[in-house]
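**Student:** Handing you this structure, nothing more for now.
The values are calculated or read from the model by the stated rules, or taken from the named source; none is laboratory data. On a predicted model such as this, the values are computed, not experimentally measured, just so you know. Virtual Cβ from ideal backbone geometry, glycine too; neighbours counted across all protein chains shown. Ligands, DNA and RNA are excluded from the accessible area calculation, which covers all protein heavy atoms including side chains. Shrake-Rupley method; radii C 1.70, N 1.55, O 1.52, S 1.80 Å.
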Amino acid sequence: MPAPDMAAPSAIPALTMPIISVKPVVLPARERGDDLQVRVTAPTAGTGLPVIVFAHGFGESMSSYDPLVDFWASNGFVVVQPTFLDSRTLGLTPADPRHPDIWRIRVRDVTHVLDELDHVAAAIVGLGDRIDRDRIAVAGHSWGGQTAGMLLGARVLDADGQPGPDMTDPRVKAGVLLATTGIAGEDLTPFAAANFPFMRPDFDGLTTPALVVAGDHDQSHLSTRGPDWFTDVYTYGPGAHSLLTVFGGEHSLGGIHAYRAADTTDESPERVALIREAAWAYLRSALGIDDTAWKQTQSDLAQAADPAGRIDSK
């Protein structure tokens, strides 16, 4: 937990309840080529539990992001994590015919999880009777941010600059977008433009409430712009009402993907604590549970002498 001068939100608890995690829960998906594997993590007690479906970043898996998942589940959320086809655990190569379509398959995977939520919940005895199916959120980091954003209403522009299919899911009531890539055009490097044609987001239709999280030291190799590129979804997405800027945060945002991750360039338990707590507080507010912690988070950061970040709202 962060020290007091890092503005730890006082209304937010630490790890408060024991949790249970089950993996893999296998969802048949013949048309995908590999069945969809997910992990489900939940508190051992409580009813009316809201659900977060978390989309991992490139190469990660359902076993990643424990610093976020453990906290959210210990504080009353059920977290479901699909393993997408780009995961290093599956070993797909660019020669695989599915490779160019992975970004679309990612979105369909999240939809599949929502379709099979009863099956997923059944992996933990009694969980099906304890979840609130009317309070579902999505969250995602990096490429996972794009995946989650499309369930919230973002689209991908085609080669002619026209928005592609709308994949908004009305079951999703809120989202958290972590280090999510910005608009394309001249903002992409030549390499990104040539190799990632799906990296052409259109945020005009993103109307579902969302919190955007960006590090102010996150310099992407895919963009010619600076760290502000990762704030585009907040700037252009009508539903992206709030932006948490994490001071000193690079693309791993302090190491949200793993405890003591060797590849973390900006390891900071304080940044991770701020992000997981602010996201928890935001989702409780956006899902209509309680807005006390979210108000306290904003107040604490605004008044802190040495804050770990800043929240802007529109």
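**Student:** When the Debye formula is applied to the Cα atoms of segment 235-305, each taken as the same point scatterer, what base-10 log of I(q)/I(0) results at q = 0.16 Å⁻¹?
**Tutor:** Cα-only, vacuum Debye calculation for segment 235-305: -0.65.
**Student:** Which net charge results for the neighbourhood of residue 32, defined as the other residues with beta-carbon distances under 14 angstrom from its beta-carbon, given Lys and Arg at +1 and Asp and Glu at -1?
**Tutor:** Combined, the nearby Lys, Arg, Asp and Glu give -4.
**Student:** Right, something else. Assuming a ≥ b ≥ c are the square roots of the Cα gyration tensor eigenvalues, decide whether segment 160-314 counts as rounded (a/c under 1.5), prolate (otherwise, with a/b larger than b/c) or oblate.
**Tutor:** Note, shape of segment 160-314 comes out oblate.
**Student:** Each label point is 7 Å from the Cα along the Cα-to-Cβ direction; what then is the distance between the points at residue 30 and residue 44, in nm?
**Tutor:** With each label placed 7 Å out from Cα toward Cβ, I get 4.0 nm.
**Student:** OK, next. Can you give me the P(r) profile for the chain? Cα pairs, bins 10 angstrom wide beginning at 0, each as a whole percent.
**Tutor:** In whole percents, the pair-distance histogram is 6, 29, 38, 22, 5, 0.
**Student:** Using the Karplus equation 6.51 cos²θ - 1.76 cosθ + 1.60 (θ = phi - 60°), what ³J(HN,Hα) coupling, rounded to whole Hz, does each residue of segment 32-46 give in order, writing x for Gly and Pro?
**Tutor:** My calculation for segment 32-46 gives 7, x, 9, 4, 7, 9, 9, 10, 10, 10, 8, x, 6, 9, x Hz in order.
**Student:** Accessible area of the chain with a 1.4 Å probe: how many percent of it is carbon plus sulfur?
**Tutor:** 53
**Student:** Find how many whole Å separate the alpha carbon centroid of segment 116-131 from the alpha carbon centroid of segment 59-115.
**Tutor:** Between the Cα centres of segment 59-115 and segment 116-131 lies a distance of 19 Å.
**Student:** With every protein chain kept in place and ligands, DNA and RNA left out, what is the accessible area per residue of the chain? Probe 1.4 Å, answer in Å². Let's see the in-between values first.
**Tutor:** Numbers: 12850 Å² over 314 residues.
With the other protein chains kept in place, the chain gives 41 Å² per residue.
**Student:** Now a separate question. What length, rounded to one decimal in nm, is gained on full extension from residue 66 through to residue 204, with 0.36 nm per residue of separation minus their alpha-carbon distance?
**Tutor:** Working it through step by step, the gained length comes to 46.5 nm.
**Student:** Out of 15, 274, 177, any idea which swings most in a Gaussian network model of the chain, alpha carbons joined below 10 Å?
**Tutor:** Of the options given, 15 has the highest mean-square fluctuation.
**Student:** Something else: Which three extents, in angstrom, do the Cα atoms of segment 183-229 have along their principal axes, listed largest first?
**Tutor:** Projected onto its principal axes, the Cα set of segment 183-229 covers 33, 25, 14 Å.
**Student:** Let me ask something additional. Tell me, in nm to one decimal, what length is gained between residue 302 and residue 119 on full extension, where the rule is 0.36 nm per residue of separation less the Cα-Cα distance?
**Tutor:** Result for the pair: 61.6 nm of gain on full extension.
**Student:** May I pose another question? Output wanted: per-residue J couplings in Hz (rounded whole) for segment 138-152, from phi through Karplus 6.51 cos²θ - 1.76 cosθ + 1.60, θ = phi - 60°, x for Gly and Pro.
**Tutor:** Ordered by residue, 3J(HN,Hα) equals 10, 9, x, 10, 6, 4, x, x, 5, 4, 5, x, 5, 6, 8 Hz.
**Student:** Given points 7 Å out from each Cα along the Cα-Cβ axis, report the residue 290 to residue 262 separation in nanometres with one decimal.
**Tutor:** Here the answer is 4.2 nm between the modelled labels.
**Student:** If you plug each phi of segment 55-70 into the Karplus form 6.51 cos²θ - 1.76 cosθ + 1.60 with θ = phi - 60°, what whole-Hz ³J(HN,Hα) values come out, in order, with x for Gly and Pro?
**Tutor:** 9, 6, x, 3, x, 7, 7, 5, 8, 9, 6, 4, x, 7, 4, 4
**Student:** Report, by chain and number, residues whose modeled amide H sits under 5 Å from the one on residue 78, excluding near sequence neighbours (fewer than 5 apart, same chain).
**Tutor:** Hits under the 5 Å cutoff: 51, 52.
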